[in-house]
1. Quick check on the range 600-613: of everything there that is of a type in the set (Asp, Glu) and surrounded by 12 or more Cβ atoms within 10 Å (Cβ to Cβ), which residue is nearest to LYS542 (Cα to Cα)?
2. I'm told LYS53 meets every condition in (1) of a type outside the set (Phe, Trp, Tyr); (2) at pLDDT 80 or above; (3) over 18 Å from LEU151 (Cβ atoms) except one. Can you identify the failing condition by its number?
3. Could you please let me know if LEU352 is crowded, with 19+ Cβ neighbours inside 10 Å, at pLDDT 85 or above and part of a loop (DSSP other than H, G, I, E, B)?
4. Given the conditions (1) among the small types (Gly, Ala, Ser); (2) under 25 Å from ASP506 (Cα atoms); (3) not in a helix (DSSP H, G or I), and given that ALA394 satisfies all but one, which numbered condition is not satisfied?
5. Could you list, in sequence order, the residues of the range 574-593 that are surrounded by 13 or more Cβ atoms within 10 Å (Cβ to Cβ) and either hydroxyl-bearing (Ser, Thr, Tyr) or over 18 Å from ASP473 (Cβ atoms) (or both)?
6. Sort out for me the helices (runs of 4 or more DSSP H) sitting completely within the range 522-640 that have 2 or more residues that are at pLDDT 90 or above and not acidic (Asp, Glu).
7. Return yes when LYS690 is surrounded by fewer than 18 Cβ atoms within 10 Å (Cβ to Cβ) and more than 18 Å from GLY664 (Cβ to Cβ) and no when it is not.
8. Is it true that ILE5 is surrounded by fewer than 16 Cβ atoms within 10 Å (Cβ to Cβ) and of a type outside the set (Ser, Thr, Tyr)?
Amino acid sequence: MLLFIEGYPYNLDTIVKDGLSIRDILEDVVAIPVKEKDYAFEYVGYCYSKSAKDVVFFLPKVVLTGDINEENKADTIFGAAPQDIIDFNSDSVKAKFTEEGCKEYKEFLSTLSIWIYRTISVYKETHNDNILESKEYQGEGRGKKTKHNTLLDVIIALRDFNKNNQDYFMFIAKNIHSGYNKIQWQKTITSTNLIFVKGQPVYTDPVNKKKIVNLDEELLIIFFSILNYIKEEHGFSFDINIHYHFISPEKIKHSYIGKNFGCRRLKQIKYKYFSDKALRIWDLCYAFFDREYKISLNKQAEDFLLAKDFEHIFEVMIDMLIGGDDKSKLPTELTEQKDGKLVDHMFIGQGLIEQSNLSAEHTFYIGDSKYYKRSKNDTTILREKSIYKQYTYAKNVIQSNINLFLDDKDDGSLPQLRDELTEGYNPIPNFFISARIPNRKDGSKFLSFEDSQLEPQANGLQFNRQFENRLFDRDTLLLCHYDVNFLYIVSLYGRANKGKQAVWRDYARKEFRRKIQETFNKLYEFHIIQPRAGMDCYQFLKENFSLLNGKLYRSKSNKNYLILALMKGDDEGKKLWDKLNIKQNTIEKEIAGNKEVLERVESHFYISESFELDYELHIEDVPNVGSLKPLPEQSKKQGILMVMMENYQTKSINFLPKGKLAVGIKYTMDSMKIVEHINEIGYILFHTRKDEGQHLFAVKNCKIASADEFSSDIYRNVNTTTMYVVVEFENTQEIDSRYLHPNQMKYTPTTRYDAQYTTISEIR
């Protein structure tokens, strides 16, 4: 097996094998400029070099893990220059690594090469484009033509059959040594090796009392001799637990392949086999000999499957593994945007604020995959153009979604991106995915094909905004950057197992949501706010729009609560804001302003304790919850009739059951103000000029009347005046008034007990 790295500049005159240079080995399979001395091959995949009589792999550039050769500052793979390990069977490689290290790397490269090949093959099944170069070959099977795209297809099939049929091989081996072939145990124990299979001792090469030729055994000998030949000649890793006396690699090459004896002998013994597995072994052996024989005769000069733009294949892999077929179901204008931008990855998933299966409460996830060579510190350096393009994707999606709503084309199947009430925007998760290979620093994960974890890239957070402290603003976009194990991705895609792919897709989507939520939790504190009964919360939101814009969001129009997000001011939050290049004085200013926001909101809303985004919101059961809908005209009035009343518990028995009261007024400035604003009174407040002991009710109607103009059974707070404000109020529901401070109203000793007029904002 010969190895080349995509995009690495090779000296074409370097001698690699049997006196052959890189140019000699590859000139018959890929285009090489005649006058170039150094050349980087932009291929990933497989080919067969007739001159070197060996398989050639072009591996993806991500195998260059970022480790730099200290002498020449060049990229390395396993700490060695790619130029030095082209032939992994060479003496120079053995001198560079320990025997154990060489074996480990060789097995890894063998496995990776096969997965890369399978990945390109799976891609080829659904994509017929100009990035692929391949040649198909028809091999003879059991009475029909069997397609083997390349010699490697046959090698992979042989490898898989060997791996999946160990029990079958043991069964055949035991049967072979029965009857006339009974084992001579004394000689077997003293002269042969013992292995354990599933805890049971097995002698794989027993000595027989009388040797009888067995055709099953001959077929197995041919099969395992082929595996041994591939292992020795091409460097592929095979587990061979049956220790027959193999046909030597030299005999396989010169006689079974070179003289086509392998195909002839298999045809002679074919009629003896009837079981499906025996016939499958025969097919595989015949395909191998036939393929190798035709290559040796130059009858099949082309034997390759190469991709010259593997970046695109990586993008397709990520899109399928993460997005599934979701993108195809989205409106075209979202994925193929009107400014010509094509979104790499997009799917609809659960929103960041609430976990819900309702379409309106979902959100769009927009991603871009980056197939870059790793930098020296094992990170992927993003280009500014890519970052801002990603922001533009999100902005275009928002506008397209709004256009559908404005044009009355929204059928409710797409997420809500803007809340009409607060004009807050649903946060859109924006992410990059980069490929990496676990290195030695990852411990047990080193070169692992099983590590399925998504990991946030260090310093991979990007932040775009027009205003500070406005999470729910249309231009506030958080961009996260994650690493995915390239080895796991190619093996998952190459398996083409829909079930396993669906499991990982579900995991990946949950991880995106969870990790972005974790970031939001570090940057913002969240509160649930619920309207207070009797308060015109709808009007309050309109009047305080500039203060609250971008800080509030409602996930669905029928929800009776809002989410409040405020910039976090703890040490962790400040540290992260600083990393996002937010000025320190800006951070301090916004955090100080949060106090005013909370105080203002508290006048009309119950505010929960701060919480962190998680799987689902917990909505507290609070008393006297009001409504976010516009209130009736009378309820919109913000004027308060303040009534000084000590011993409220005793006196209220006289008027609270009826919900009617006559409040005496005098010919004073305070009373004249009441008369002037009589049509603006929406509330009545009983108080003692202190913050405690006050009671607030919504007013249904009120009017000015003389003492003889209303019924005598209506309770009068004083009997010494001739004019009254007759008030009818909502007596069934008291309004929370803890946010009101009647002691802010000025008075004199002579006016201490007089009624007064004010507004909610004046004593808030």
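The values are calculated or read from the model by the stated rules, or taken from the named source; none is laboratory data. As the structure is a computational prediction, the values presented were derived from the model and not from experiment. Cβ placement follows ideal geometry from the backbone for every residue including glycine, while neighbour counts extend to all protein chains displayed.
1. We begin by selecting, within the range 600-613, every residue of a type in the set (Asp, Glu); these are 602, 609, 612.
From the residues that got through so far, the ones that are surrounded by 12 or more Cβ atoms within 10 Å (Cβ to Cβ) too are 602, 612.
Working: GLU602: 16, GLU612: 27 Å.
Here the residue is GLU602.
2. (3)
3. Details: crowded, with 19+ Cβ neighbours inside 10 Å: yes; at pLDDT 85 or above: yes; part of a loop (DSSP other than H, G, I, E, B): yes.
It is true that LEU352 is crowded, with 19+ Cβ neighbours inside 10 Å, at pLDDT 85 or above and part of a loop (DSSP other than H, G, I, E, B).
4. (3)
5. Those that are surrounded by 13 or more Cβ atoms within 10 Å (Cβ to Cβ) and either hydroxyl-bearing (Ser, Thr, Tyr) or over 18 Å from ASP473 (Cβ atoms) (or both): LYS574, LEU576, THR586.
6. On the way: elements: 537-543, 545-548, 571-579, 584-602.
Passing ranges, in order: 537-543, 545-548, 584-602.
7. Details: surrounded by fewer than 18 Cβ atoms within 10 Å (Cβ to Cβ): yes; more than 18 Å from GLY664 (Cβ to Cβ): yes.
Yes.
8. On the way: surrounded by fewer than 16 Cβ atoms within 10 Å (Cβ to Cβ): no; of a type outside the set (Ser, Thr, Tyr): yes.
No.
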